[in-house]
Amino acid sequence: MTATPRRRTRLSRYHQLAARYRIYRVDGALEVDELSAHDILRRRVLFDEVILMTRHRRRPLLMISLAALLAALFLSIGLALYYGDVPPAWGIGFFVPAGLAGLYVLGRLTVPIHVLTLYSPRSKARLEFSTERGAGEAWQELERAVAEAQESARRTSQVPVTATI
Amino acid sequence: MYPCPRCDEVQSLKVSPGVVAQESCRHCNRPFTALIFEPPPPPVEVRRLGETGLEGENPCAHHEGNAAEAECDRCGAYICALCRIDCEARVLCPACFDRLVKAKELPSLETRFRDRCGMALSYCLFGILFWVLGIVLGPAAVYYAFTGLRELRRRGETHGIVRGYLAMLLGGLLTVGWFLIIGLMLFSALIGAMGG
């Protein structure tokens, strides 16, 4: 049996230590796919059940610290080799990853991650964006979608039940 | 009571529903923007038999005193508002709903999947690194890519289709490449033996 293709738009994706997350927008809900190893766990946040939407900025301090340590380590090894009794090219080979790690640290310190979170009584969906503009557009889109879904549910609940068989 | 998006501590918020405002968590003291919604409660109006006074009302198949308001699209049983389950544009009774969920015929309700296309790509990567195992990893990658694409089509999803076809192509190339390498090795060994 083949299902009709559902309209599914990816809004965000991000990584944590043990899992990757992809958030999609479908009709009436957000779907959060948690990928760990090769298993996918899917949760939904229905728009007509959303109770809270928040937005904040964060800097991944753990990743920044690790990258800074790596940059320092590679730089130390590179300097030791460059001024040591080995060909200087060996040391230069370590300067490249040190530079990349340093760029990551600078980038993450100057450009924070924008996080949107939607809460329903049973689940939550967290979206991360690199740019303020992307986060702002997603906020407006989701605020409108949630308001429309809840208004529609409110109108439906006011229609009296008259059907009989 | 609402959770803080940074530290997950539950607390009351000062912001009014429908108004976007800045809040500060009382536990971690860090700010965030909040918007509270007030979702309507799900409407479940259960009518008792004889309440409306209409003649010919049918009772629910599971709750004798309740008036039926719909028929199950699958088994045709009369069901009341308590039993009624609206799912994927169908009206179902609880028993049919359970059966369809177990038979995986309600794709929108599945919550656990195997990322078979991802597994197939991993097998291809291992097969390229350890080509000796290509005869096993190549066909395995093709198989998992094929079943992964079939699952995606069954669920009506399009994300992952490119990965699936890529894994199928690489798996096929890995298998053919393994046979070519082994064939060339055997051929050169044979030529060497004949020449000796």
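The values are calculated or read from the model by the stated rules, or taken from the named source; none is laboratory data. Just so we're clear, the structure is a prediction, and the values are computed from it rather than from any experiment. Note: ideal-geometry Cβ built from the backbone for every residue, glycine included; neighbour counts use all protein chains shown. These area figures cover heavy atoms from the full protein model, side chains too; ligands, DNA and RNA do not enter into them. Shrake-Rupley method; radii C 1.70, N 1.55, O 1.52, S 1.80 Å.
Among the candidates A:10, A:22, which residue alone is facing chain B (nearest Cβ under 10 Å), within 17 Å of the chain's Cα centre (by Cα) and surrounded by fewer than 17 Cβ atoms within 10 Å (Cβ to Cβ)?
On the way: A:22 fails: surrounded by fewer than 17 Cβ atoms within 10 Å (Cβ to Cβ).
After applying the criteria, what remains is A:10.
Looking at B:9, B:23, B:57, B:69 in this structure, which one is open to solvent by 80 Å² or more (accessible area, probe 1.4 Å) and of a type outside the set (Lys, Arg)? Working first, answer last.
Numbers: B:23 fails: open to solvent by 80 Å² or more (accessible area, probe 1.4 Å); B:57 fails: open to solvent by 80 Å² or more (accessible area, probe 1.4 Å); B:69 fails: open to solvent by 80 Å² or more (accessible area, probe 1.4 Å).
When all the criteria are applied, what remains is B:9.
Against the condition open to solvent by 80 Å² or more (accessible area, probe 1.4 Å) and either away from chain B (no Cβ under 12 Å) or among the acidic types (Asp, Glu) (or both), how does residue A:109 come out, does it pass? Break it down stepwise before answering.
Values: open to solvent by 80 Å² or more (accessible area, probe 1.4 Å): yes; either away from chain B (no Cβ under 12 Å) or among the acidic types (Asp, Glu) (or both): yes.
Here the answer is yes, as residue A:109 does meet what is asked.
Read through the list (1) in contact with a Ser or Thr (Cβ under 8 Å, 6 or more places away or on another chain); (2) at the interface with chain A (Cβ under 10 Å from one of its Cβ atoms); (3) among the hydrophobic types (A, V, I, L, M, F, W, C), then give the number of the only condition that residue B:87 fails.
Result: residue B:87 fails condition (2) only.
Name the residue, out of B:109, B:82, B:35, B:92, that is more than 23 Å from the chain's Cα centre (by Cα) and more than 8 Å from chain A (Cβ to nearest Cβ).
Values: B:109 fails: more than 23 Å from the chain's Cα centre (by Cα); B:35 fails: more than 8 Å from chain A (Cβ to nearest Cβ); B:92 fails: more than 23 Å from the chain's Cα centre (by Cα).
The unique qualifying residue is B:82.
Kindly list the number of the only condition in (1) more than 10 Å from every other protein chain (Cβ to nearest Cβ); (2) free of Cβ contacts under 8 Å to residues at least 40 places away in the same chain that fails for residue B:158.
(1)
Go through B:18, B:56 for me and flag whichever is modelled with pLDDT of 85 or more and at positive phi. Give the derivation first.
On the way: B:56 fails: modelled with pLDDT of 85 or more.
Selected residue: B:18, the only one of B:18, B:56 that is modelled with pLDDT of 85 or more and at positive phi.
It is to be established whether one or more residues within the stretch B:98-112 are farther than 30 Å from residue A:25 by Cα, open to solvent by 40 Å² or more (accessible area, probe 1.4 Å) and either not β-branched (Val, Ile, Thr) or not in a helix (DSSP H, G or I) (or both). Give the derivation first.
Taking the stretch B:98-112 and keeping what is farther than 30 Å from residue A:25 by Cα, we get none.
Scanning the stretch B:98-112, I find no residue that is farther than 30 Å from residue A:25 by Cα, open to solvent by 40 Å² or more (accessible area, probe 1.4 Å) and either not β-branched (Val, Ile, Thr) or not in a helix (DSSP H, G or I) (or both), so the answer is no.
Within the set of pairs 6+ apart or on separate chains, which have a first residue in the stretch B:117-141 that is facing another protein chain (nearest Cβ under 10 Å) and closer than 13 Å to residue B:181 by Cα, a second that is open to solvent by 10 Å² or more (accessible area, probe 1.4 Å) and in a helix (DSSP H, G or I), and C-beta atoms under 9 Å apart?
Filtered contacts from the stretch B:117-141: no entries.
All but one of (1) open to solvent by 30 Å² or more (accessible area, probe 1.4 Å); (2) modelled with pLDDT under 90 hold for residue A:34, so report the exception by its number.
The number of the failed condition is (2).
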